[in-house]
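One structure is given below, encoded as structure tokens.
Nothing in this text is a laboratory measurement; each read-out follows from the coordinates by a stated rule. Worth saying up front: this structure is predicted, and the values here are computed from it rather than measured. When we count neighbours, we look across all protein chains shown, and the Cβ atoms used for this are built from the backbone with ideal geometry, even at glycine.
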Amino acid sequence: MSEHSHKPTAAVIGGGPAGLMAAEQLAQGGVTVTVYDGMRSVGRKFLLAGRGGLNITHSEPFAQFVERYGRSQAYIEPLLTTFGPNDLRAWVHDLGIETFIGTSGRVFPAEMKAAPLLRAWLKRLRAYGVQFQMQHRWLGWHDDGALRFATPDGEKRVQADAVILALGGASWPKLGSDGGWVPLLQARGVDIAPLLPANCGFDVGWSNYFREKFAGSPVKTVELRHQDFHQRGEFVITETGVEGSLIYAASAGLRDAILANGRTTLILDLLPDRSEAQIAQSLAKPRGSRSMASHLQSRLRLKGVKTGLLREIVPADDFADPHKLAAAIKALPITLTAPRPLAEAISTAGGVTFAALDEALMLRALPGVFCAGEMLDWEAPTGGYLLTACFASGRAAGLGALDWVRRD
């Protein structure tokens, strides 16, 4: 129990969804809570993620939903069992924010924006008595266990009965998540998996001609295959390579293969609704005086960036052979040489390992210190899965800390 309060105290470090959800659980339980954040305001990354439409969660069946967490499913599923997609939607509705399910099954606020939700949430937290200290960058601990913060007024010491760390990963560092917490925890014996880009783009090494002509072009309705991954969708050509939803969905396997082998090759089906035999038959028809580009467009409706990809990758002689060209259209190999830097990624893989935590998300090496959100070692594709697990882990850590201070 803190010397200066009759109520237990908690310091929540990090004002993203995980930290704020932890603060809510603690404050509802009668704990005096202060949220510390290094930025000038909370929820910076949350707000930016909502600019194009805040994808809160996904409406697919729970068994399918939890499979999206891949190798981390065994650790994330228990958190989602107690606070899953439907619970999150109900929580959002309780804030006075209506939601709807889009055509893809993704769940959005009615207004599509993050700001109204965050405003309503902060109003509720302040009503619970939660205090906020901005521009407080966490520096670790003093020898006596006090928390250290760098502030505009110099270094500050804080004592708390429980600490929630919700410091994010290392993607989008300008918004506050820069991975600066890694050495602070490693120095205390906490096991941390290396931070890696997740939901990221990849370098290809296009020719100057292709890059100048097609950078920024969307590649629509294709099928991507890589190892066990097999999915239809779309992506975007960039100056350095590829990015976009279909690439992000495959990014964990693509990244790990590059880390293991130095490079990897994905396979694209440019016309997933036609068989190779049908394509070859269409290509075998005489083209007369028409150019190959006109032939591809009239026979297969292939044009623009898809034709550009064929020209970039397929040997020129293969265009004269309908069977070889059909095979390339159905299985176009694109070799990726590197993931884009972590600072450009949507999210982060790696972080505090689950072996370093107990079931309440408390650090085994640091009793009374709990971790939540993206700084834990898990990853998921975009589509609402990232936010859902951040909320769920924040809630679990908050409840774990509440139980801790009550027992203490």
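The simple spin-label model puts a point 7 Å past each Cα toward its Cβ; for GLN64 and ASP358 those points are separated by 3.8 nm.
Can you pick out the pairs among LYS285/LYS306; LYS174/LYS306; LYS113/LYS156 whose Cα atoms lie more than 27 Å from each other?
Among LYS285/LYS306; LYS174/LYS306; LYS113/LYS156, the Cα-Cα distance tops 27 Å for LYS174/LYS306; LYS113/LYS156.
The relative contact order of the chain, computed from alpha carbon pairs under 8 Å that lie at least 6 residues apart in sequence, is 24 percent. Other residues whose C-beta falls under 13 angstrom from the C-beta of ALA74 contribute a net charge of -3, scoring Lys and Arg +1 and Asp and Glu -1.
Other residues within the sphere of radius under 13 Å centred on the Cβ of GLY53, judged by their own Cβ, net out at +2 (K and R +1, D and E -1).
Among LEU357, LEU366, which comes first, then next, by fewest other beta-carbon atoms within 10 Å?
Working: LEU357 24, LEU366 18.
By the 10 Å Cβ count, ascending, the order reads LEU366, LEU357.
For the chain, the normalised intensity computed at q = 0.07, 0.08, 0.13 Å⁻¹ comes to -0.39, -0.50, -1.05 (log10 of I(q)/I(0), Debye sum over alpha carbons, equal scatterers, no solvent).
Label point of ALA74 set 7 angstrom out along Cα-Cβ; within segment 318-354, amide nitrogens under 16 Å from it belong to 353-354.
Projecting label points 7 angstrom from Cα along Cα→Cβ for ASP317 and MET112 puts them 5.1 nm apart. The calculated FRET efficiency for the pair ASN208 and SER104, based on their C-beta separation and a Förster distance of 45 Å, comes to about 0.80.
Rounded to the nearest 0.05, what FRET efficiency is calculated for LEU184 and SER41 with R0 set to 25 Å and r the Cβ-Cβ distance?
0.60
Using just its DSSP H runs of length 4 or more, each adding -39500 (n - 2.57), the chain gives a mean residue ellipticity at 222 nm of -10500 deg cm²/dmol after division by all residues. Going 7 Å from the Cα of SER298 along its beta-carbon direction, which residues of segment 311-343 have the amide nitrogen within less than 12 Å of the resulting point? Answer for segment 311-343: none. Restricting to the chain, what percent of DSSP beta bridges are antiparallel, rounded to 5? The answer is about 70 percent antiparallel. PRE reach from ALA343 (point 7 Å along Cα→Cβ): which of segment 145-179 fall under 16 Å by backbone N? So the set is 169-179. Compute the helix-to-body angle for 385-407: its Cα long axis versus the longest principal axis of the chain, expressed 0 to 90° and rounded to tens. Its long axis makes an angle of about 20 degrees.
Over segment 97-153, the hull volume per residue, using the convex hull of the C-alpha atoms, is 163 Å³. Arranged from fewest to most other beta-carbon atoms within 10 Å of their beta carbon, LYS174, LYS330 become LYS174, LYS330.
Count the net charge of all other residues whose Cβ sits under 11 Å from the Cβ of THR32, scoring Lys and Arg as +1 and Asp and Glu as -1. Computed value for this residue: 0. The region of the chain that goes longest without hitting one of the GluC sites (Glu not before Pro) in a DSSP loop, each with at most 13 other Cβ atoms within 10 Å, is 99-238. 3J(HN,Hα) along segment 167-172: 9, x, x, 9, 8, 6 Hz, from the Karplus curve 6.51 cos²θ - 1.76 cosθ + 1.60 with θ = phi - 60°, whole Hz, x for Gly and Pro.
A Förster radius of 35 Å combined with the Cβ-Cβ distance from GLU239 to ARG287 puts the calculated FRET efficiency at roughly 0.60.
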